[in-house]
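Following: one structure in structure tokens, then a few remarks.
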Amino acid sequence: MEQNKIEQKLLKPVSGIGILLITIFVTLGSFAGFIATLIAHENYKLLSNGLTAAIAILCSIIFIATFFLYPGLRTVRPNEALVLTLFGRYYGTILTPGFHFVHPFAVANCPRYERALSEQAMKSAATPEQAQTVSTVTLNGRKTISLKSATLNNGLQKVNDVLGNPIIIGAVVIWKVVNPTKAVFNVDDYNNFLSTQTDSTIRNIARLYPYDCIDEEEEENEKTLRGSSQEIADNMKSELEKRVEFAGLEIEEVRITHLSYAEEIAAAMLQRQQATAIIAARQKIVDGAVSMVKMAIDKLGDEEIVILDEERKAAMVSNLLVVLCSGKDTQPIVNSGSIY
């Protein structure tokens, strides 16, 4: 069976409660039968030597065989799955929560547990033999695959936008396992696989867009990382879904959590933003000043307060614009004589 052709097979195991009670009853019964046989032979001479030996051996075999059934008792909690293999072949997957009985020699597969076992083995002992012993005793993990929604925060990474500007971007991914069989057998470690694919997806999508619009005329039509963050996050989600579908994972949501220019160009970009803001403010000031000057000249002419020729109007306009557009408080000069 090829790796990428493994189809999930759902198991419907029998209840573990009944098997547990039967196993306990048989274990105690075989032990009691062994003791009763010895007592009947030694004290009451009810059984011959050959029959006693046969019954004692049979009770011993049954007693020992019952202990091979206990490993088949497995517990599956809600939103968990148990992926089993039998002698190297895929045996089946249990998705139903509860206490079940499966083949006693079936082995549960869980990359997270195996990774934790390996890490603790490396930290606990110097030699492989000691590491295996210490890890088996001290590590008490569950060999089930979690189906709960999980959060992946891969931290910050430096990428270049479409204009080549270095930026710092970070995203958080909400995901879960929907096909535990694929998650176990199609990739080595689905957590590391998702982390790597997330880094690659963020880098590929971020380099397709500029951080911000430089040309104001294209600002309304052009998509940017800063202005269209939700739409770009949706694009990241779509691409990431295609990449991790092979591993049996589902991407629920992708959100951009951090976005900024890299340190080496942050100061220059801040100056550009400040210049843009100053220009926009000056434009509003000039528009308002021109409107006020026009209103003042019109009122003076309509009410015939003073008759101004073109030269005086030009001088008045110049003075008013200087007063209204100046960035500092003006110092008025009172003219007590004629202007000529």
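Tabulated data for the structure shown
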item	result
Stokes-Einstein D (µm²/s) once Rh is taken as the Kirkwood radius of segment 137-196 over alpha-carbon pairs, at 10 °C in 1.306 mPa s	111
Value of Rg/Rh across segment 5-86 [Cα atoms, Kirkwood radius]	1.24
Listed peptides 233-241, 252-260, 285-293 by packing density, highest first (mean Cβ within 10 Å)	233-241, 252-260, 285-293
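Values quoted throughout were computed directly from the atomic coordinates according to the rules given, and no laboratory measurement underlies them. Remember, predicted model here, so these are calculated numbers, not experimental data. When we count neighbours, we look across all protein chains shown, and the Cβ atoms used for this are built from the backbone with ideal geometry, even at glycine.
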